[in-house]
Structures are given as structure tokens and as C-alpha cells.
Amino acid sequence: MIIILMGAPGSGKGTQSKRLVEYFGIPHLSTGDMLREAQKQPTEAGRKIAACIDSGRLVSDELILTLVEERLSHPACQLGCLLDGVPRTTVQAERLDELFRRKNWTLDHVIALCVPQAELVRRLLARATVEGRADDTPDTISQRMEVYQRQTAPLLDFFRSRGLLREVDAVGSPDDVFRRVLSMVNQQTQGSSTRN
Ligand code: ADP
């Protein structure tokens, strides 16, 4: 089972990822988590990553693709995985597509968590006081939203046109949203197995 989880900052990708990987028993590959770890290195590369995260800009496609390819080659990912936070650009989507084809893997679902903009901002500002994430400041939040709209949202059409997009209303409690995610995934899985 290969799942891509998409959604704007604050849409609940981290929360739903935890539930999905537990439910399906697949590894969780979060580029945000990987970069937050990588930025701790006292090197030029670490400093560059920290500067991108803190300002809400994306790190380079090359860096992301190197990290993701390396993780996908682990034996734990042979039976599937959940990609959280990647792809975020057209280049990333195309390169992942090529990689899956090369490995003969099938992308099963692209789940998009849909939340209105005002609610996203409210959640991120609330999270800032609880978790203290460095990129949850008002300026960085608006930059991340802008980057999402400009560079990532167009990918929804890319996946929609391939019949892979499952859009889920992600307003509500985490449990309610998870029930909607599962029912969407199960509905599509059953639909495709009757077609085959
Ligand atoms: P959110 O979705 O809340 O913005 P993430 O934890 O997914 O948070 O990502 C945090 C930051 O890490 C992003 O703002 C960006 O700087 C960087 N990042 C994460 N994933 C990618 C990616 N696929 N491509 C480029 N940059 C990324």
C-alpha cells in the first residue's frame, strides 16, 4: 500500500499520518520530520535547511529527492509506505512517479486533507503556543500558505486526472477525520478490486 498524504500547513497531516501508518502497518516517511532532524547538523547543509524551514520556503528538489529515494530503498518500505509532505512540487511529483515505475510499485491513494484557509491559520497559531515550532510564526505561516497555493496545490489536478485523488473534509475531531479518510480509502479500494 503506497499512500501520499497531501494538505496545506495545519491541515492535520501529522496527526492523520500517525493513525494511517498504524492502521496499515506501513512506514511513515515525513519530509518535514526528516528535515527537522537534518537541520540540527552543525554543517553548511544543516544551516541551509534551517534557513528554509524558518522562513517557510521549500528546500531544493534535489535534496528532497535524495533523502526520499534513500529512505524508499530501505527494506521496510518494500511493502509500502506513507509519504507525508512529499511531493510538494511538480518536479518532485514527476521524479517520484518515475521512481515508482522503475520499482514497479503502484501508488494506491493520494489523500488530500481539505480545510478552509481561516481554520488553517487558527490551528497553526494555536499550535505555536503549544508546540513552539519555529516556523509557526504569523509571517512564516503566511509564507508557507503562499508556497502551498503556488507550488503544491497544482499537484492536486495532476493526481485527480489520474484517478488517484481522495479529497477528505478535514474539519472536525482527529477521530472523525480519520473515519472519513478510511471510508474514502476503503470505498476506492473496493471499487478498484471489483473493476479488476
Ligand atoms: P507543514 O506542512 O506544516 O508546512 P512540514 O513539517 O511538512 O510542515 O514541513 C516543514 C518545512 O519543511 C516546509 O515549510 C519546508 O521548508 C520543508 N519541507 C518539507 N517537505 C518538503 C518538500 N517535499 N520539499 C521542499 N521542502 C520541504
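The values are calculated or read from the model by the stated rules, or taken from the named source; none is laboratory data. If you're wondering where the values come from, they're calculated on a predicted model, not measured in any experiment. So basically every Cβ, Gly included, is an ideal-geometry build from the backbone, and we count neighbours across all protein chains shown. These accessible areas exclude ligands, DNA and RNA; they are computed on the full protein's heavy atoms, side chains included. Shrake-Rupley method; radii C 1.70, N 1.55, O 1.52, S 1.80 Å.
When 120, 96, 125, 156 are checked against the criterion of being part of a helix (DSSP H, G or I), at pLDDT 95 or above, hydrophobic (A, V, I, L, M, F, W, C) and under 23 Å from residue 55 (Cβ atoms), 120 stands alone in meeting it.
If we keep just the residues of the stretch 15-52 that are out of contact with any Ser or Thr (no Cβ under 7 Å at 6 or more places or on another chain) and among the small types (Gly, Ala, Ser), which is least open to solvent (accessible area, probe 1.4 Å)? Let's see the steps before the verdict.
Taking the stretch 15-52 first, the residues out of contact with any Ser or Thr (no Cβ under 7 Å at 6 or more places or on another chain) are 15-16, 18-27, 29, 31-52.
Applying the additional criterion that residues be among the small types (Gly, Ala, Ser) yields 25, 32, 38, 45-46, 50-51.
Working: 25: 65, 32: 22, 38: 16, 45: 57, 46: 0, 50: 22, 51: 50 Å².
Going through the qualifying residues, I end up with 46.
Considering only residues in the stretch 70-94 that are near the ligand (Cβ under 9 Å from one of its atoms) and of a type in the set (D, E, K, R), the one that is nearest to residue 124 (Cα to Cα) turns out to be 84. Among the criteria (1) open to solvent by 60 Å² or more (accessible area, probe 1.4 Å); (2) free of Cβ contacts under 8 Å to residues at least 24 places away in the same chain, the one residue 88 does not fulfil is (2).
Considering only residues that are surrounded by 14 or more Cβ atoms within 10 Å (Cβ to Cβ) and either in contact (Cβ under 8 Å) with a residue 24 or more places away in the chain or within 12 Å of the ligand (Cβ to nearest atom) (or both), which ones fall in the stretch 122-136? Across the stretch 122-136, the qualifying residues are 123, 124, 127, 128, 133, 135, 136.
Set side by side, the residues 99, 113, 107 differ, and just one is within 12 Å of the ligand (Cβ to nearest atom), in contact (Cβ under 8 Å) with a residue 12 or more places away in the chain and either within 15 Å of the chain's Cα centre (by Cα) or surrounded by 14 or more Cβ atoms within 10 Å (Cβ to Cβ) (or both), which is 113. For the stretch 53-62, filtered to residues that are without any contact (Cβ under 8 Å) to a residue 60 or more places away in the chain and either surrounded by fewer than 17 Cβ atoms within 10 Å (Cβ to Cβ) or acidic (Asp, Glu) (or both), the residue that is farthest from the ligand (Cβ to nearest atom) is 62.
Listed here are the residues, each with its yes/no results for (1) in a helix (DSSP H, G or I); (2) among the small types (Gly, Ala, Ser); (3) more than 10 Å from the ligand (Cβ to nearest atom).
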| position | (1), (2), (3) |
| --- | --- |
| 37 | yes, no, yes |
| 41 | no, no, yes |
| 46 | yes, yes, yes |
| 49 | yes, no, no |
| 64 | yes, no, no |
| 68 | yes, no, no |
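Has the stretch 140-152 got at least one residue that is within 15 Å of the chain's Cα centre (by Cα), closer than 13 Å to residue 8 by Cβ, within 13 Å of the ligand (Cβ to nearest atom) and exposed (fewer than 14 other Cβ atoms within 10 Å of the Cβ)? Yes, the stretch 140-152 contains a residue that is within 15 Å of the chain's Cα centre (by Cα), closer than 13 Å to residue 8 by Cβ, within 13 Å of the ligand (Cβ to nearest atom) and exposed (fewer than 14 other Cβ atoms within 10 Å of the Cβ). Residue 118 falls short of the stated requirement of being in contact (Cβ under 8 Å) with a residue 12 or more places away in the chain and either closer than 27 Å to residue 137 by Cβ or not charged (D, E, K, R) (or both).
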